[in-house]
Amino acid sequence: MAKRNKEETKRILLESAVDLFSEKWYETVSAAEICRHSNLSNGIFYRYYKNKQDIFEKCLDLYVNTASKAFLGIEGDTVERRIESFIDISYKLNCEHKDIITVFREGQFRFKNYEERIRTIYKSAICKVFERNIKENEYIYFIFGIRYLIIRSIYENINFDRDMLKEVIYNGFFDGSYINLVEVLKKNFIIHPLNFKDNTRDKLLKSGIELIGDKGFFNVDIADIVKRAGYSVGTFYINFMSKEEFLEELVNIIGIDLRNFLSSNIVEELSDSEKSLRALFLYLNYFNNNKEFYQIIREAEFVVSDVVTKYYDSFEDLYSRNLKVYKILNRKQASSMLVGLSHYSGIEYLFLDKIDDLQNFIKDISFFINNGIKK
């Protein structure tokens, strides 16, 4: 009985942690709050968990273990049927465990070993789908649309079309026309520096980009921002209502700058497949050259998620307006998938260092977007 009581207490604490971490971001939850949510005393927490990070990582373990078991259920007598099975399992997993996946999305950013673990599970499952070993770039192409569209569908109620996803994975986006990789991979970029004005608000924003991009949102205080800009804390609140509103403005600045960078470096004469590849190449170069911007956007996903949703919406609209000749009819969802390709390629390239040769990666993706992965 005593053992069961201990296990029950540990389970209650873990469930409370999932509840709280899925509602708030990591830094704003304390061990004491988890205990209050569990109707347990603070001292009991430390009998079972070392600290907040320990229980947070146990939440991440819960998702990894759940996913590992779920993908054992892949079935089908053809590659296409097994792709359908993989997508169905992924969708069901995320819908039924939305609270845990919410925690995991932040956890994969804070503790990259968990993103490594989940990608190992995905790769093993995809090898089962094709009944062969798959290459790194095949993995990225296969998984990006599934992960991105499922997340968008369960958080923003965006329509999820399994058959379209399967079609893109298996047959590609475009019609197989010739791709001029020399034009796609041109590096003579037109760059417009951020246009900060010589006023108080812009000086604060410039200071914030430098500090938050380097140390992270939670590790930077308002006092740090104003000190670097040469002002008092009171000056900050004249210009911004909160630190969160300040972060929202940084996301908007980066979004506008990235869209300008893309527009300035993609010529109209390129085909749709070339434009999509050029946009991917530019996106990865932009954030590789501005790693502080990447840090800000990734962390903002968990602090000011509504603004980051609009940030991704703006890029989906950009793709939808400028790319016309998809193989598939649902242009909006196809555009969402291309944004997802940039997002998850960014994770692989900028966060996990899995892409060693960017030009070779783009070359491989150029084949996949026209032809898919059939063999």
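The values are calculated or read from the model by the stated rules, or taken from the named source; none is laboratory data. A quick note: this is a predicted structure, and the numbers were derived from the prediction, not measured. Cβ sites come from the backbone with ideal geometry, for glycine too, and all protein chains shown count toward neighbours. Ligands, DNA and RNA are stripped out before the accessible areas are found, and what is left, the full protein with its side chains, is counted by its heavy atoms. Shrake-Rupley method; radii C 1.70, N 1.55, O 1.52, S 1.80 Å.
Numerical summary
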| read-out | value |
| --- | --- |
| Inter-probe distance in nm under a simple model that places probes 7 Å from Cα toward Cβ, at Arg259 and Glu245 | 2.2 nm |
| Inter-site label distance for Ile134 and Thr309 at 7 Å from Cα along Cβ, in nm | 2.9 nm |
| Estimated inter-spin distance, Leu40 and Asp214, nm [label 7 Å along Cα→Cβ] | 4.1 nm |
| Cross-link pairs Lys123/Lys374; Lys69/Lys135; Lys69/Lys92 - those with Cα-Cα distance over 18 Å | Lys69/Lys135 |
| Longest exposed-site-free window of the chain, the sites being GluC sites (Glu not before Pro) in a DSSP loop that have at most 16 other C-beta atoms within 10 Å | 132-267 |
| Per residue accessible area of region 219-375, 1.4 Å probe, in Å² | 42 Å² |
| Rounded Å value of the spacing that divides the Cα centres of region 267-335 and region 69-146 | 22 Å |
| Gaussian network model of the chain, springs between alpha carbon atoms under 10 Å - residue of Ser242, Ser276, Ser16 with greatest fluctuation | Ser242 |
| Accessible surface, per residue, of region 1-150 when the full set of protein chains is kept, probe 1.4 Å, Å² | 48 Å² |
| Carbon and sulfur %, accessible surface of the chain computed with the full protein complex present, 1.4 Å | 48 percent |
| Linear extension gain, Thr200 paired with Asn51, 0.36 nm per residue minus alpha-carbon span | 49.6 nm |
| Of Lys197/Lys310; Lys10/Lys58; Lys98/Lys354, those spanning more than 20 Å from alpha-carbon to alpha-carbon | Lys197/Lys310; Lys98/Lys354 |
